[in-house]
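Here's the structure, in structure tokens; my notes come after.
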Amino acid sequence: MNTKQNPLKRILNTRGMGGALTAFAGLIVIYIAFGIINPTVFSGQNIMNLLRSMSKYLLIGIGQSYILITGNIDLSIGSVADMSAMISATLMTMGVHPIAAILATLACCLVIGVLNGLLVGKWKLPPFIATLGTMFVARGVAYIVNGNRNTDAIASGIGKEAADAFGNFFYYGSTFGIYNTFWIAMALFVVFFFLLSGTRTGRHIYAIGSNVDAAKLSGVSVLATTTKAYLVSAFCSCVVGLILCGRVADPGERPEHDRRPGGHPAAGHRHHRGGRRVPGRGRPQRHPEKARQGRLSQRKLDTVRC
């Protein structure tokens, strides 16, 4: 009797595959519905923009999947991505070569990954608390790096040619008609999928997530494996930060449809009380008369408080 199962049935019988297929079917239905409302949704440029936009979330999902498989969580991924964007942008505005800026940024992000691994794997802190703390650490570093204000365009430090090369590699450039952001995400997906499914490290990650005590008895180093998982998460967040930095590499030269409203840490952080902006960053400074009235109002309020 042939007991060999059909590969398609084996895939469909995988745990969680039903939910994934249901969600994918719902996404297709929503996409078709919006396409009927506005046919522009089906345009090739819109599809390319969607692929580029979703690539960032794919990268974050890769890093988070490693963490979740080990039974932990990482709340610092967003702040690490912001820190990556801010460090790389600030270094390049200071004239640092893009490659050196990328390496320095990667080193800073990996430090956060190692710290998360030590807090969770060695000192046994709950991952929610540990990564909540490193989230604020990464966010604070992003504020400190640029003095809690917007940076100039990176072209002001490394030149327009290098800034365009950086922006094109991470965001605006395309290969075979598809934006490089998508190819970067797919390349990392293939690499980390192989690492998770075809290496000893991947088996150890699954072992820890299944039963950490049994993994210890089997000779698995919980500390090393947990740290590796958090390093993958930090690396993916670093790449997302570089993509965000590349998106605003030279906002004054980009087409209108590529600009985004509001400020992102890659373009610079705006303090919640209305911090000063560096001249030349696109938005006009506050009107002098309104600024004077605001200072007088604040002075009166301080007097009342006293």
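Details
- Number of residues in the stretch 40-54 that are surrounded by 10 or more Cβ atoms within 10 Å (Cβ to Cβ) and more than 30 Å from residue 79 (Cβ to Cβ) equals 6.
- The single condition among (1) in contact with a helix residue (DSSP H, G or I) (Cβ under 8 Å, 6 or more places away or on another chain); (2) under 30 Å from residue 44 (Cα atoms) that residue 183 does not meet is (1).
- Within the set 233, 218, the sole residue that is of a type in the set (Gly, Ala, Ser) and buried (at least 19 other Cβ atoms within 10 Å of the Cβ) turns out to be 233.
- Of all the criteria given as (1) of a type outside the set (Lys, Arg); (2) assigned to a loop (DSSP other than H, G, I, E, B); (3) open to solvent by 60 Å² or more (accessible area, probe 1.4 Å), the one not satisfied by residue 96 is (3).
- Count of residues meeting criterion [of a type in the set (Ser, Thr, Tyr) and over 17 Å from residue 171 (Cα atoms)] in the stretch 23-69: 5
- Against the test of being over 26 Å from the mean Cα position of the chain (by Cα) and β-branched (Val, Ile, Thr), the options 60, 32, 47 yield a single qualifying residue, 32.
- Any hit, the stretch 55-64, residues being surrounded by 10 or more Cβ atoms within 10 Å (Cβ to Cβ), in a helix (DSSP H, G or I) and in contact with an Asp or Glu (Cβ under 8 Å, 6 or more places away or on another chain): yes
- First in the stretch 144-161 and at pLDDT below 80, second anywhere and among the hydroxyl-bearing types (Ser, Thr, Tyr) and open to solvent by 30 Å² or more (accessible area, probe 1.4 Å), Cβ under 8 Å, 6 or more apart: 151/93; 152/93
- Test: residue in the stretch 73-87 that is over 16 Å from the mean Cα position of the chain (by Cα) and under 21 Å from residue 188 (Cα atoms): no
- Among residues of the stretch 113-135, those that are open to solvent by less than 10 Å² (accessible area, probe 1.4 Å) and out of contact with any Asp or Glu (no Cβ under 8 Å at 6 or more places or on another chain), counted: 5
- Residue match in the stretch 92-106 (condition: touching an Asp or Glu at 6+ places or on another chain (Cβ under 6 Å) and under 28 Å from residue 172 (Cβ atoms)): yes
- Boolean, residue 80 is in contact with a Gly (Cβ under 6 Å, 6 or more places away or on another chain), of a type in the set (A, V, I, L, M, F, W, C), open to solvent by less than 50 Å² (accessible area, probe 1.4 Å) and in a helix (DSSP H, G or I): no
- Here the condition is being surrounded by 16 or more Cβ atoms within 10 Å (Cβ to Cβ) and within 21 Å of residue 205 (Cβ to Cβ); of 75, 68, it holds for 75 alone.
The values are calculated or read from the model by the stated rules, or taken from the named source; none is laboratory data. The model shown is predicted, which means the values in this text are computed figures rather than measured ones. Cβ: placed from backbone, ideal geometry, glycine included. Neighbour counts: every protein chain shown. Just so you know, the surface numbers come from the protein's heavy atoms only, side chains and all, with ligands and any DNA or RNA stripped out. Shrake-Rupley method; radii C 1.70, N 1.55, O 1.52, S 1.80 Å.
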